[in-house]
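Okay, structure first, notes after.
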Amino acid sequence: MNRNYLSISAALLAFPFTATAQNTPPVVTNQIADFTEYAGAPARSIDISPAFADSDVSAAVRLTTVLGTIDVALFGQQKPITVANFLKYVDQGNYFKIDPTNGQLASSLIHRSEPGFVLQGGGFLGTVDPANPANALPVQVAPFASIQNEPGLSNKRGTIAMAQNGSDPNSAASQWFINLADNGGPPKNLDIRNNNAGPYTVFGKVVHNGMTIADAIAALATFNFGSPFDQFPLRNYTQTDYNAHKSIAVSNLVSVPGITRISTLSFSAASNNASIADATVSGTKLLVAGKQIGSATITVTATDFDGGTVSQNFSVNVIAAPGRLVQLSTRMQVGTGDNALIGGFIMRGSSPKRLMIRGIGPSSGLSGALADPVLELHDGTGAVIASNDNWGDAANKQDIIDTGIAPSSPNESAILLTVPSDPNNAFYTAVVRGANNTTGLGLVEVYDLDSGPGSTLLNISTRGGVEPDPNALIGGFYLGGTESKRVLVRAIGPSLANSNVPNFLANPILELRNEQGTLLEENDDWGSSPEQAEIQASGVAPTNAKESAVLKTLSAGPYTAIVRGVGGTTGVGSVEVYQLP
């Protein structure tokens, strides 16, 4: 926006303007499919954003200012060029940059405030003065090419419009303004071509209580630091400060430290039989939990910014859960290099599987726990398909929280994703290291979050150093469902030489314990097992006589496998858990 429009004269060019587009309710775009779910399984997470659409609003963003949030609905159907331009700045991060002086993130700011008229932003970033880092020295937002003007909606109070540069109506780039009053007609005349300025393209509107925040910003005192900062709103800054210093700190700026997309719709859900299956909403995700055998109908309702609604129904069939591995974990001393904690697991089936993998250290409560685990997930080719240091930094942080098993320490790691399976086995490897090559006791955990029939989590195998207690190699697993399962646990050492693993554990011994710590079975050499014939027939018998195996029929619950060296010997070993047919 330039200043020429402040002078009022006859319009040189007029356009037909409307205040805003007429509201129409949201619509159903895709039917949520009926599905079958296991009783007591983790809640199924369904992205319901593709199931509905807002008829009026194409997208929405949240401007998180230092005084509060301003949510803005965008009219991409009416103003496609302008909305696409604005979202390009948002999506590509141009309203932020790393300040080269202090290495911190500098955000955009409100650089102009005229109470009763407009707030203007999007033009400058709150960087510091290289010569005096205590002071702010804002720099211009890097602009993309200017865009074609798209007038037609009136500059009413609460609308957001693009600013222009000089007398060219097709000069809008990064700067926008929020109308604090009805500015389309006299005296401001922003809806017309007036003194070689305007008309100004409205491309959205402030929703929720955002205008309360805009008015609070407009109520701040403004100061003249020369154009374009001659109406500069500042916090915790007085005329005395201005007279004494004529300088400001970044903390005085009305910064906008967050600009993110938000959903154009809000959602609610209800079940006609909550004792069978219940549903809750988290953002744009629907979480459906099967509680007991039976069926229920779930109704999902979408509401737009103007209060318009639309609903749809789907059915959930809850069945008894079969016995199956639902959680696998391994604990060991995490070293550096090849001595990282490495957990491999196998999935079988034609359906993708939703998994949570965690790298745990501080919350384990163990003496000498790994302080800051870093987690990687590799596919069967060895390629890294996901990684995480601190789980709170994950892009799907809220989804991790919604699982109910987010790590309890901010320094721990988590990866939540859906990965392909294969009827002939799909192989994955989770690797836990210490940040900056630190060491300590760590855990890798794999959770099966599928809520119904599909692929099966067959096994986990973890390789690492086996030392005397408390640094034995410990594998945990949890059987879910209502039926017992045959499970084979192996302790491997000498056969690791076939994979060129140095310093292998020459003679491992294996214990299997239940939740109470009761010893269910111990084995040194697998050939001495009373289940030797069935172990041999399983197809996964150890290949060295000195290695150990336990095969048991187990009911639902948690179990622990412990690998040590006979006579307190040490070396690299592997603990492996297999779910048998």
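The values are calculated or read from the model by the stated rules, or taken from the named source; none is laboratory data. From a predicted model like this one, the values you see are computed outputs, not experimental measurements. Note that each Cβ is placed from the backbone with ideal geometry, even for glycine, and that neighbours are counted across all protein chains shown.
A compact table of results
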| read-out | value |
| --- | --- |
| Count of region 37-86 residues which are of a type in the set (Asp, Glu) and under 29 Å from Gln292 (Cα atoms) | 2 |
| Qualifying position, being more than 16 Å from the chain's Cα centre (by Cα), assigned to a strand (DSSP E or B), under 13 Å from Val318 (Cα atoms) and not aliphatic (A, V, I, L, M), among Ser268, Ser295 | Ser295 |
| Criterion (farther than 30 Å from Gly565 by Cβ and under 27 Å from the mean Cα position of the chain (by Cα)) met by exactly one of Thr284, Thr330 | Thr284 |
| Ser413 being small (Gly, Ala, Ser) and in contact with a Phe, Trp or Tyr (Cβ under 7 Å, 6 or more places away or on another chain) | yes |
| Strands (runs of 3 or more DSSP E) (entirely within region 43-83) containing at least 1 residues that are touching a helix residue (DSSP H, G or I) at 6+ places or on another chain (Cβ under 8 Å) and acidic (Asp, Glu) | 68-74 |
| Residue check for Arg354: among the basic types (Lys, Arg) and either at pLDDT below 90 or in a loop (DSSP other than H, G, I, E, B) (or both) | no |
| Odd one out for Phe203, checked against (1) free of Cβ contacts under 8 Å to residues at least 24 places away in the same chain; (2) crowded, with 20+ Cβ neighbours inside 10 Å; (3) farther than 30 Å from Pro133 by Cβ | (1) |
| Index of the failed condition, Leu125 passing every other in (1) surrounded by fewer than 19 Cβ atoms within 10 Å (Cβ to Cβ); (2) free of Cβ contacts under 8 Å to residues at least 40 places away in the same chain; (3) assigned by TED's automatic domain parsing to the domain that holds Ala214 | (1) |
| Pairs with Cβ under 8 Å, 6+ apart, first in region 530-543 and farther than 11 Å from Val489 by Cβ, second at pLDDT below 95 and in a loop (DSSP other than H, G, I, E, B) | Ser538/Leu580 |
| Neighbours by Cβ (under 6 Å, 6+ apart or cross-chain): first from region 549-578, free of Cβ contacts under 8 Å to residues at least 12 places away in the same chain; second crowded, with 23+ Cβ neighbours inside 10 Å and assigned to a helix (DSSP H, G or I) | none |
| Residue in region 558-567 that is surrounded by fewer than 16 Cβ atoms within 10 Å (Cβ to Cβ) and part of a helix (DSSP H, G or I) present | yes |
| Unmet criterion (only one of (1) part of a strand (DSSP E or B); (2) in contact with a Lys or Arg (Cβ under 8 Å, 6 or more places away or on another chain); (3) free of Cβ contacts under 8 Å to residues at least 60 places away in the same chain) for Phe144 | (1) |
| Filtered residues of region 331-350 (kept if under 27 Å from Thr482 (Cβ atoms) and touching an Asp or Glu at 6+ places or on another chain (Cβ under 8 Å)) | Met347, Arg348, Gly349, Ser350 |
| Within region 529-557, tally of residues that are touching a Ser or Thr at 6+ places or on another chain (Cβ under 7 Å), farther than 19 Å from Arg324 by Cα and polar (S, T, N, Q) | 2 |
| Hits in region 496-544 (condition: surrounded by fewer than 19 Cβ atoms within 10 Å (Cβ to Cβ), more than 42 Å from the chain's Cα centre (by Cα) and of a type in the set (A, V, I, L, M)) | Ala506, Ala533, Ala537 |
| Check on Thr260, within 26 Å of the chain's Cα centre (by Cα) and not acidic (Asp, Glu) | yes |
| Residue in region 224-246 that is touching a residue at least 12 places away in the same chain (Cβ under 8 Å), in a strand (DSSP E or B), charged (D, E, K, R) and not assigned by TED's automatic domain parsing to the domain that holds Thr309 present | no |
| Residue among Gln92, Gln77 that is in the same structural domain as Val254 (by TED's automatic domain parsing), at pLDDT below 95 and exposed (fewer than 15 other Cβ atoms within 10 Å of the Cβ) | Gln77 |
| Where Val384 falls short, out of the listed (1) surrounded by 16 or more Cβ atoms within 10 Å (Cβ to Cβ); (2) modelled with pLDDT of 95 or more; (3) of a type in the set (Val, Ile, Thr) | (1) |
